[in-house]
1. Given the options 130, 148, name the one that is free of Cβ contacts under 8 Å to residues at least 12 places away in the same chain, in contact with a helix residue (DSSP H, G or I) (Cβ under 9 Å, 6 or more places away or on another chain) and under 19 Å from residue 21 (Cβ atoms).
2. Inside region 176-186, can you point out the residues that are surrounded by fewer than 17 Cβ atoms within 10 Å (Cβ to Cβ) and either outside the structural domain of residue 209 (by TED's automatic domain parsing) or touching a strand residue (DSSP E or B) at 6+ places or on another chain (Cβ under 7 Å) (or both)?
3. Report yes if residue 189 is surrounded by fewer than 13 Cβ atoms within 10 Å (Cβ to Cβ), modelled with pLDDT under 90 and either part of a loop (DSSP other than H, G, I, E, B) or out of contact with any helix residue (DSSP H, G or I) (no Cβ under 7 Å at 6 or more places or on another chain) (or both), otherwise no.
4. So, in region 192-225, exactly how many residues are within 16 Å of the chain's Cα centre (by Cα) and not in a strand (DSSP E or B)?
5. Quick one: residue 5 ticks every box in (1) surrounded by fewer than 16 Cβ atoms within 10 Å (Cβ to Cβ); (2) modelled with pLDDT of 85 or more; (3) part of a helix (DSSP H, G or I) except a single one, so which number is it?
6. Scan region 157-166 residue by residue and report those that are surrounded by 18 or more Cβ atoms within 10 Å (Cβ to Cβ) and either in contact (Cβ under 8 Å) with a residue 24 or more places away in the chain or over 17 Å from residue 185 (Cα atoms) (or both).
7. When residues of region 109-151 are filtered for being in a strand (DSSP E or B) and either crowded, with 21+ Cβ neighbours inside 10 Å or not assigned by TED's automatic domain parsing to the domain that holds residue 180 (or both), how many remain?
């Protein structure tokens, strides 16, 4: 195999391994891939130039470039959910949001903002947060195939058990101060989350949590049934990104 092909293959292997590695340092990745630390570090530096990875503390995490590619790859799924998102935003006159799982993060894939509001939430599409943070992230995490690995602390595990039991997640002031989120998972045929859908709104306007949660769960169930009749319920590109 040509040297350039070997380099490309190693870079792709490194990129695939970063979100799954318990300690994604260059040394740990090299041991996992059976190659030298220097070779892995060269790949990481090259990937960093294209915003595919970046350093976070002592390790490496996926960069915005990967998240942007993931958003493009899941375009059909997002488009299929768009009418449902529009209806949810119109019903509650608040910003409705769909998030997708990419590695150990939830990525804002689409939003429909509230109309006629002086104060409304504008959630940047493409922004990403750890699955343990926020209603949309935890709604995905609770039904994620490797949730026991990603939920690393006892409080998070307890929260995940509660979400699985009640069917929805709530967050207050986690990603932004003064913002409340309520979200439910959209599931594939194996009952794994392929997305989450919900409402994000100023906290002072969210007073009917139970009623809102029931409506969002009904919306998520409708979306799950809708996708089950198409090939979008288990998109292969999304499955690869989730692992």
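The values are calculated or read from the model by the stated rules, or taken from the named source; none is laboratory data. From a predicted model like this one, the values you see are computed outputs, not experimental measurements. Cβ: placed from backbone, ideal geometry, glycine included. Neighbour counts: every protein chain shown.
1. On the way: 130 fails: free of Cβ contacts under 8 Å to residues at least 12 places away in the same chain.
None of the others qualify; the one that does is 148.
2. We begin by selecting, within region 176-186, every residue surrounded by fewer than 17 Cβ atoms within 10 Å (Cβ to Cβ); these are 176-178.
178 - this is the single residue of region 176-186 that is surrounded by fewer than 17 Cβ atoms within 10 Å (Cβ to Cβ) and either outside the structural domain of residue 209 (by TED's automatic domain parsing) or touching a strand residue (DSSP E or B) at 6+ places or on another chain (Cβ under 7 Å) (or both).
3. Values: surrounded by fewer than 13 Cβ atoms within 10 Å (Cβ to Cβ): yes; modelled with pLDDT under 90: yes; either part of a loop (DSSP other than H, G, I, E, B) or out of contact with any helix residue (DSSP H, G or I) (no Cβ under 7 Å at 6 or more places or on another chain) (or both): yes.
So residue 189 fits the description; yes.
4. So in region 192-225, the residues within 16 Å of the chain's Cα centre (by Cα) come out as 192-200, 220.
Then keep just the ones that are not in a strand (DSSP E or B); that gives 192, 220.
Matching residues across region 192-225 total 2.
5. Here residue 5 clears every test but (2).
6. Once the filter is applied, which keeps residues that are surrounded by 18 or more Cβ atoms within 10 Å (Cβ to Cβ) and either in contact (Cβ under 8 Å) with a residue 24 or more places away in the chain or over 17 Å from residue 185 (Cα atoms) (or both), region 157-166 yields only 163.
7. Looking only at region 109-151, we keep the residues that are in a strand (DSSP E or B), and these are 109-112, 128-130.
Now drop any that are not either crowded, with 21+ Cβ neighbours inside 10 Å or not assigned by TED's automatic domain parsing to the domain that holds residue 180 (or both), which leaves 109-110, 128.
So the answer is 3.
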